[in-house]
Each structure stands twice: as C-alpha cells, then as structure tokens.
1. Evaluate the following for residue 173: is it at pLDDT 95 or above, farther than 27 Å from residue 93 by Cα and surrounded by 12 or more Cβ atoms within 10 Å (Cβ to Cβ)?
2. Does residue 83 count as surrounded by 17 or more Cβ atoms within 10 Å (Cβ to Cβ), under 13 Å from the mean Cα position of the chain (by Cα) and over 23 Å from residue 161 (Cα atoms)?
3. Out of all the residues in segment 106-130, which are under 16 Å from the mean Cα position of the chain (by Cα) and farther than 21 Å from residue 16 by Cα?
4. Filter segment 131-142 down to the residues that are surrounded by fewer than 14 Cβ atoms within 10 Å (Cβ to Cβ) and either assigned to a helix (DSSP H, G or I) or touching a residue at least 24 places away in the same chain (Cβ under 8 Å) (or both), then identify the one that is nearest to the chain's Cα centre (by Cα).
5. Across segment 129-158, which residue is modelled with the highest pLDDT among those that are more than 20 Å from residue 5 (Cβ to Cβ) and out of contact with any helix residue (DSSP H, G or I) (no Cβ under 9 Å at 6 or more places or on another chain)?
6. How many of the residues making up segment 157-167 are surrounded by 14 or more Cβ atoms within 10 Å (Cβ to Cβ) and more than 20 Å from the chain's Cα centre (by Cα)?
7. Please count how many residues of segment 46-94 are over 21 Å from residue 3 (Cβ atoms), in a loop (DSSP other than H, G, I, E, B) and in contact (Cβ under 8 Å) with a residue 12 or more places away in the chain.
8. Which of the residues spanning segment 171-193 are part of a helix (DSSP H, G or I), farther than 23 Å from residue 71 by Cα and without any contact (Cβ under 8 Å) to a residue 60 or more places away in the chain?
C-alpha cells in the first residue's frame, strides 16, 4: 500500500501517523531511538506491507503486467490502490475524503518535527502539490507513476506503466475492493498500536 492507505490504517495521532509512513523512510534511522508509539506505527506499516505483498489476489494482480514491467508491479499496485481508495472512500470510511485529506495535510505539517529529513521533505511535497488530488484521475496517476520511474537509478521499463493499468482497470479495481476490507480487518486483529 502507498502513503494514503498507510495513513488511513494508522491511529488518529501524530506518532502513529509518522510511524505508519516511516516504513518508506527509515533507512539509516536508529529504530531503538524511536518513541514507542512511532515504533508501533512502523510495525503496523510493515504488517500492512507483508499482508499486502503475500495476499494471493495481490500476487495474482501482478500477473496482468507484462514481463518487462512485472518487476515494478508492486509499486504500481501500491499507488493504484491509493487511487481506488480515494474513488471508493465512502465504502470504507464515514468522513468525506475531502475533509480527511485536509485534516491529513494539517496533521502532516504538525508532525513534521517528528520525521526524518527525507520524509519531511516528501510529506511537504505531498501537501504542497496535493498529491492525492492528482491520484484521483488516471492521467495524474500516470504522471505520479512516471515520476517514480524517473527516480529509479537503473534502466527500467517502468515509465508508461499506466498503459498496462488502463485495460486491466476494472479487474484491478475488483481486486482492491475485495482485498482492502481484509486488510482493514488484519490491522484490527494484529492490534499493533
């Protein structure tokens, strides 16, 4: 799962928010120095990733991508699942997405002092450029995926992966709609925070 899902699966406090996002930014961080609530959020992040990556329907969904792009299918699905979460937000949460997003951006700004520098920089960009607005449309999603591809430090076929998502959109949407409630339940059962 990507940033939005990790925040939605966090507890409603700054420590949990930071911990649940930290999984993508903790390289070089001395984990033993983290406050326990941030460490619990990080454990939740990792449990979400393990559940997602090992789920049979997610593994099957990766097979719709061509062999040249399959290596990056997990990244593409993570971002695509954020798109589907936005599109179907009201199926899973009571608060309107527009309100959640504004509250999230406010909370990210308030929690910035708890973040490693690279994470703070990225979360500032998320807020300032309203990433989750761009995730709502396939065009914006395609641009986001291409930006990720441009940051990969070796030659790859990841750029343009949106063209493989489009013909499989309905299938991948159904995978998400069946999978996400299972993930929510998994987080509740694990009770890591």
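The values are calculated or read from the model by the stated rules, or taken from the named source; none is laboratory data. Computed from a predicted model, the values in this text were never measured in an experiment. Don't worry about glycine lacking a Cβ; one is built from the backbone with ideal geometry, like all the others, and counts go over all protein chains shown.
1. In short, no.
2. no
3. 130
4. 133
5. 151
6. Here the count works out to 1.
7. Qualifying residue count, segment 46-94: 5.
8. Correct list: 185, 188, 189.
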